[in-house]
Amino acid sequence: MHSRVVGIPDLDGTEPVAVVIDVMRAFTTAAWAFHRGADKIVLAADAGGALAIKEGNPGWLALKDGAPAGGFDLVNSPGLIQEADLTGRTVIQKTTAGTVGALAVVEARLALCASFVVAGATARVLADAGADPVTFVATGEDGRAAEDLACAEYLDRILAGEPRDPLPYLHRARTSPAADDLRRGRRRGAHPTDVDLCLEVDRFDFAMKVGLEEGMAVLRPLRTRPDAVSDRAR
């Protein structure tokens, strides 16, 4: 399999298969939202766009990163989302990097959003689709975020059929500047458990596929084969 890892600025919209990675925290939060019952997640480019979508769709919930803000119902924190009842709800998600990266590749033949919590399922979808080549998009820090690069390399090793002990990759993520910022309270709208929740490999047995629906970028869970799924996901 051929692959490359790029940042958002390097995308040109021609990638046939893309995996958009935001470990801390957009696509860990999204996975938890699905686990808590969300039906779909609509991705927004900015806060104004998110609120405009919400205004046109009563009952939808808006989520953003950073501190709580007027008009938004949820914040981009897996530690907080894991307590929410989202059964049957539609969530509108806007974040600084993750949703921006997903919107950049939404028209790809296959576009997935990923983090460590859905790594195994993401790799299975790619393998089942015979995806080659694959573009991994490390969204944080214009492609330099240590946790996103570690997750991309971990996925690449799985697809290559090589030994894939997750611990070295998790160590890189755990000691990243983003993890340090979260632990030290430098990011608003965070929960003390966020870092640990972002590092639970294969916590869930679904991947997350993004595509256009009625002109909106919509993220949905994509169930995969149950074999080799961590017991924690059951």
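The values are calculated or read from the model by the stated rules, or taken from the named source; none is laboratory data. Remember, predicted model here, so these are calculated numbers, not experimental data. Counting neighbours? That spans all protein chains shown, and the Cβs are built from the backbone with ideal geometry, glycine included.
Within region 83-97, being at pLDDT 95 or above and of a type outside the set (Ser, Thr, Tyr) holds for Ala84, Asp85, Leu86, Gly88, Arg89, Val91, Ile92, Gln93, Lys94, Ala97. Of all residues in region 81-98, those satisfying the criterion of being over 14 Å from Ala31 (Cβ atoms) and either out of contact with any Ser or Thr (no Cβ under 9 Å at 6 or more places or on another chain) or of a type outside the set (Ser, Thr, Tyr) (or both) are Glu83, Asp85, Thr87, Gly88, Arg89, Thr90, Ile92, Lys94, Ala97. Is it the case that Asp205 is modelled with pLDDT under 95, within 26 Å of Val17 (Cα to Cα), touching a Pro at 6+ places or on another chain (Cβ under 7 Å) and of a type outside the set (Gly, Ala, Ser)? No, not satisfied.
Just so you know, in region 13-57 the residues that are among the small types (Gly, Ala, Ser) and at pLDDT below 95 include one that is surrounded by the most Cβ atoms within 10 Å (Cβ to Cβ), and it is Ala45.
In region 41-54, is there at least one residue being outside any helix (DSSP H, G or I) and free of Cβ contacts under 8 Å to residues at least 40 places away in the same chain? So far as region 41-54 goes, no, none of its residues is outside any helix (DSSP H, G or I) and free of Cβ contacts under 8 Å to residues at least 40 places away in the same chain. For residues that are farther than 16 Å from Arg124 by Cβ, crowded, with 21+ Cβ neighbours inside 10 Å and of a type in the set (A, V, I, L, M), tally how many sit in region 150-209. Number satisfying all stated conditions: 10. Restricting attention to region 89-116 and to residues that are in a loop (DSSP other than H, G, I, E, B) and of a type outside the set (A, V, I, L, M, F, W, C), the residue that is surrounded by the fewest Cβ atoms within 10 Å (Cβ to Cβ) turns out to be Arg109. The criterion of at least 1 residues that are in contact with a strand residue (DSSP E or B) (Cβ under 7 Å, 6 or more places away or on another chain) is met by the following helices (runs of 4 or more DSSP H) wholly inside region 127-190: 146-159. Note on region 160-192: among residues that are hydrophobic (A, V, I, L, M, F, W, C) and in contact (Cβ under 8 Å) with a residue 12 or more places away in the chain, the one that is farthest from Asp132 (Cα to Cα) is Ala190. I'm trying to understand the selection: among the residues of region 191-226, which are under 15 Å from the mean Cα position of the chain (by Cα), outside any strand (DSSP E or B) and within 20 Å of Thr96 (Cβ to Cβ)? Residues satisfying the conditions are Asp194, Val195, Leu197, Cys198.
Given the condition in contact with a His (Cβ under 9 Å, 6 or more places away or on another chain), touching a residue at least 24 places away in the same chain (Cβ under 8 Å), in a loop (DSSP other than H, G, I, E, B) and surrounded by 20 or more Cβ atoms within 10 Å (Cβ to Cβ), answer yes or no: does some residue in region 71-83 qualify? Yes, region 71-83 contains at least one residue that is in contact with a His (Cβ under 9 Å, 6 or more places away or on another chain), touching a residue at least 24 places away in the same chain (Cβ under 8 Å), in a loop (DSSP other than H, G, I, E, B) and surrounded by 20 or more Cβ atoms within 10 Å (Cβ to Cβ).
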